[in-house]
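*Asks:* Have a look at this one.
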Amino acid sequence: MAKKPVTKNNQIKKDQKETKATPPKVTTVKPTTQKPIPKKPAPQKPKVKVLDNLSILKSSPYIKQKNDSKTTQKHLSLKELFEKSLLSQKEDKLEIVLTGQYEQALDLMFEADASNLYPILVGPPGIGKTTLCRYYAQSRAEITGNDSFEWITFDESTKPAHLIGSFNPATTIQKGFSFEAFNPGPLIKAMLNGGLFLANEVNRATEYTQNSLLEPLEEKTLSVPHIGRVKASSGFFFIGAMNPSELVGTHRLGEALKDRFNVWIELDYPDKKTEMKIIEHNNPYYKVEESILEKIYLIINRTRTHHQIQTPASLRSGIALARLTGVAQKRNKAEEPNKILRNLASNVLFGAIQTKPGVKSKDVISNIISQVLGSA
Ligand SMILES: Nc1ncnc2c1ncn2[C@@H]1O[C@H](COP(=O)(O)OP(=O)(O)OP(=O)(O)O)[C@@H](O)[C@H]1O
Ligand SMILES: [Mg+2]
């Protein structure tokens, strides 16, 4: 069995205490010094200060100011911002909650990798499939030293060239169909680097595109038009992730492709303890007390058992509700937390659930809210 990279106890190292929200950075332009032109003193008018949304946010009682927020910031060009962001992506270490089903799934992914088998994660939207794969890629890189990780999220318009790569027309005219004219796609990169490739939402691809995965998965080779067939370096690993096929927008996973995924990992809505931890972990702003966190969980969980709901709320809704409630509580300290939660729940749930035909979302939502929080 492969070595696990983290233990249960060190899984969330982030400071769970209340953290400061960084205020938006603005460039202030110093007024130029001009010689004062002497003129008759005008009668003093009361000053009317027009606030823009940034100033309102900065002066709001719930957005904490950093001491240096008023200093002039260097205005970065788009290129500089782009480079800075590329760098920080590399440095950002992903931390996740790794209990219950997530820990078991991660173990299985390591085992599949070690046995040269291809796993696929299946679960409803917002359950943590992509997050777990990203975490797996990071752990794999820490263990093996190979940090090659490529991924693509499939949809109807994804073509084989998006995976394999394509020829730059201008260079092709000059140099012909040569390697110099070829822009390698993410699948080729992962194969040549012996890295990890994640086929996210793989069943949203058409059968035509799905079929381009057959050869890499069976033979570990891939044919590049005009160049030849390349073989994957050792270490190449492939993970699929998808929503269950009965969901709208998905295609049938072709039998041949289905047969090449040998380890099926089903993820479902997590147990109460795990989901509450995930909600808390993803709320770095203003924490909500445990009893409110539990009510948030109960509201979200109720959407999953309600007989009039077709698509329930995902983890994202619980996270959103906790963040909103925390910020609103900070702003309105005198308000009863239950009341704040009652007011905000429908704002989060309205678009997050889909009711069965003929049922109004509003009715179902207020029914759930009064079941969990009591009637207003
Ligand atoms: N184990 C976890 N620890 C911490 N946060 C998590 C965990 N699992 C999921 N999340 C959070 O839940 C949210 C949804 O997760 P994610 O995007 O991975 O879901 P998904 O299953 O890939 O959804 P979709 O099917 O819509 O693509 C994200 O905000 C993510 O940070
Ligand atoms: Mg996803």
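*Asks:* Along the Cα→Cβ direction, 7 angstrom out, place labels at Asp363 and Glu289. What is the inter-label distance in nm?
*Replies:* 3.6
*Asks:* Binned at 5 Å from 0, what are the whole-percent values of the Cα-Cα distance distribution for region 272-373, short to long?
*Replies:* Cα pair-distance distribution for region 272-373, in percent: 2, 14, 27, 24, 18, 10, 4, 1, 0.
*Asks:* Related question: Over region 75-162, consider all pairs of different Cα atoms and compute the Kirkwood hydrodynamic radius from their mean reciprocal separation; express it in Å, one decimal.
*Replies:* 15.6
*Asks:* Would you calculate the separation in nanometres between label points at Leu298 and Arg252, each defined as 7 Å from the Cα along the Cα-to-beta-carbon direction?
*Replies:* 4.5
*Asks:* Additional query: Where the only charges are on Cβ atoms (+1 Lys, Arg; -1 Asp, Glu), what is the dipole of region 100-266 about its Cα centre, to the nearest 20 debye?
*Replies:* In total the dipole reaches around 500 debye.
*Asks:* Still on this structure: Sorting check: for 146-154, 191-199, which peptide has the highest mean count of neighbouring beta carbons within 10 Å, and how do the rest follow?
*Replies:* Peptide ranking by packing, descending: 191-199, 146-154.
*Asks:* What residues of region 108-125 lie in the reach of a label at Arg316, counting those whose backbone N is under 11 Å from a point 7 Å from the Cα along Cα→Cβ?
*Replies:* Output list for this probe position: 125.
*Asks:* Using only the Cα atoms, what convex hull volume per residue in Å³ does region 159-238 have?
*Replies:* Spelled out: Cα convex hull of region 159-238, divided by residues, is 86 Å³.
Computed from the coordinates by the stated procedures, all read-outs in this text should not be read as laboratory data. Keep in mind that this is a model prediction, so the values were computed, not measured. Please note: Cβ atoms are built from the backbone with ideal geometry, for glycine as well, and neighbour counts cover all protein chains shown.
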